[in-house]
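Novice: Can you read through this structure? Questions will come right after.
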Amino acid sequence: MLRAVLRWLASSVALLFVVTALSFVLVSLAPGDAATSILSSQSGSYTPEQYARTRELLGIDEPLYVRYWHWLGELFHGSLGRDLFSGQPVAEIVGDRLLPSLSVIVGTVLVSAVAGTWLGVAGARRRGPAGRLLDAVSLAGLAVPSFWLALLVVELFAVRLAWLPSGGYVDPGRDPAGWLRAIALPVLTLSAGSIAFVAKQTRDSMAAVLSQEFVTMLRARGLPLRSILYKHALRNAAIPVVTMLGLLFVNLLSGAVLIEGIFSVPGLGQQAVTATGGHNLPVITGVAFCFTVVVIIVNLLVDLAYRWLDPKVRAA
């Protein structure tokens, strides 16, 4: 266990260095910089002296490796730098935007896990036409564009039925019911394809487990079918499903950017888009750093779930 923890820590630190360094390099390769964005928005035209002075004030006139070294120094002191435009600490910006993004992403994963697992177990029990129907629904759910589905659910639930708001975000500490209503449509949109995909994976995995000898022995001993399905078979079939849920969570970190824009959710995805347009390197790197930390935590949780579900992994 100690070796596994040390390997996880080493790989996590290396991943953070790689992602943040790539953020610096990729932003530097894009045409323009923050000084150009600021001067263009203020006057539209500027002199070379004004441009050089602005770069110096922003601290972006130094070589890229020097700026990255300074950023690492701030990171080790608990800071992610400051927004080049507003001067606000990047940690505050990321902290304010993190909860809206996680609300949508975690909600989508939970809905997909519960509904997809239930449908998958039901399909494994019945097989036949139910299994083929589940395959067809899975393909349909993956084929439907998320932006089209988002517009459809807004038209139905927000405009015609007026059950839910068409966009925006509410602080859960201030109004929990309003928070649930605000994230309902984004979660519904993102869950459509995910539920079908999780259901198909669960059905295939459950079908393989139900054909094994230990299930036949449990049936011969007279155990109730419900107990066999949910207490014994599902635990053995859960590892591929857990893997998929972990991948789904990571994929939603980037996939939710479009949905945040459609539903006006002030999340990290929208912040990253805005910062990229202004070449706001500290904010871009801060968002990348935050996303990487989230991915590392998700991978750790998936690994812990493996060890809980499979004794062989625990013994490794």
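Novice: At what distance in nm do the modelled label points of L247 and T36 sit from each other, each positioned 7 Å from its Cα along Cα→Cβ?
Specialist: The modelled label-to-label distance comes out at 3.9 nm.
Novice: Here is a further query. Roll a 1.4 Å probe over the protein chains and send me the accessible area per residue for the stretch 239-316 in Å².
Specialist: The answer is 43 Å² per residue.
Novice: If the chain between R3 and Y230 were fully stretched, how many nm would it gain, using 0.36 nm times the residue separation less the Cα-Cα distance?
Specialist: Length gained between R3 and Y230: 78.4 nm.
Novice: Percent of accessible area on the stretch 1-94 owned by carbon and sulfur, 1.4 Å probe?
Specialist: Accessible surface attributable to carbon and sulfur in the stretch 1-94 totals 65 percent.
Novice: Considering only P100, T47, A115, whose Cα is most displaced toward the positive end of the charge dipole of the stretch 1-122, charges sitting on Cβ of Lys, Arg (+1) and Asp, Glu (-1)?
Specialist: A115
Novice: Calculate, for F214 and V293, the FRET efficiency according to 1/(1 + (r/R0)^6) with r their C-beta to C-beta distance and R0 45 Å; round to the nearest 0.05.
Specialist: 0.65
Novice: Another one. Restricting to DSSP H runs of at least four residues, report the calculated mean residue ellipticity at 222 nm for the chain, -39500 (n - 2.57) per run over all residues, nearest 500 deg cm²/dmol.
Specialist: It comes out at -25500 deg cm²/dmol, rounded to the nearest 500.
Novice: Here's another thing I want to ask about it. Could you go through the stretch 227-240 in sequence order and give the Karplus-derived ³J(HN,Hα) for each residue, using 6.51 cos²θ - 1.76 cosθ + 1.60 with θ = phi - 60°, rounded to whole Hz, and x for Gly and Pro?
Specialist: 5, 5, 5, 8, 9, 10, 5, 5, 5, 6, 8, 7, 4, x
Novice: Let me ask another. Given (1) 0.95; (2) 1.07; (3) 1.01 as candidate values of Rg/Rh (Cα atoms, Kirkwood Rh), which corresponds to the one derived from the coordinates?
Specialist: Only one listed value fits the structure, namely (2).
Novice: Mind putting a number on the dipole of the chain about its Cα centre? Charges go on the C-beta only, +1 for Lys and Arg and -1 for Asp and Glu, and I need it in Debye to the nearest 20.
Specialist: 1980
Novice: Name the residues whose placed amide hydrogens come within less than 5 Å of the amide hydrogen of R82, ignoring near sequence neighbours (fewer than 5 apart) on the same chain.
Specialist: Correct list: V90.
Novice: Now for a different question. Only Cα pairs under 8 Å and at least 6 apart count here; give the relative contact order of the chain as a rounded whole percent.
Specialist: Normalised by residue count, the contact order of the chain is 27 percent.
Novice: Further question on the same structure: Would you please give the FRET efficiency between L57 and V18, computed as 1/(1 + (r/R0)^6) with r the Cβ-Cβ distance and R0 = 30 Å, to the nearest 0.05?
Specialist: 0.50
Novice: Here's something else I'd like to know. Which whole-Hz ³J(HN,Hα) couplings does the stretch 283-289 yield from phi under the Karplus relation 6.51 cos²θ - 1.76 cosθ + 1.60, θ = phi - 60°, glycine and proline marked x?
Specialist: Once θ is set to phi - 60°, the couplings for the stretch 283-289 become 5, 4, 5, x, 5, 4, 4 Hz.
Novice: Follow-up. I'd like the distance between the alpha-carbon centres of the stretch 159-214 and the stretch 97-124, rounded to an integer number of Å.
Specialist: First find each Cα centre; the distance between them is then 5 Å.
Novice: May I ask you to evaluate 6.51 cos²θ - 1.76 cosθ + 1.60, the Karplus curve with θ = phi - 60°, for each residue of the stretch 21-37 and list the ³J(HN,Hα) values in order in whole Hz, giving x for glycine and proline?
Specialist: Per-residue couplings from phi come out as 5, 5, 4, 4, 5, 5, 5, 5, 7, 6, x, x, 7, 5, 5, 4, 4 Hz.
Novice: Counting heavy atoms of the protein chains only and a 1.4 Å probe, report the per residue accessible area for the stretch 135-231 as a whole number of Å².
Specialist: Spelled out: the 1.4 Å probe surface of the stretch 135-231, per residue, equals 58 Å².
The values are calculated or read from the model by the stated rules, or taken from the named source; none is laboratory data. These numbers come from a predicted model, not from an experiment. FYI the Cβ positions are ideal-geometry reconstructions off the backbone, even for glycines, and counts take in every protein chain you see. Protein only, heavy atoms only, side chains kept; ligands, DNA and RNA dropped before computing areas. Shrake-Rupley method; radii C 1.70, N 1.55, O 1.52, S 1.80 Å.
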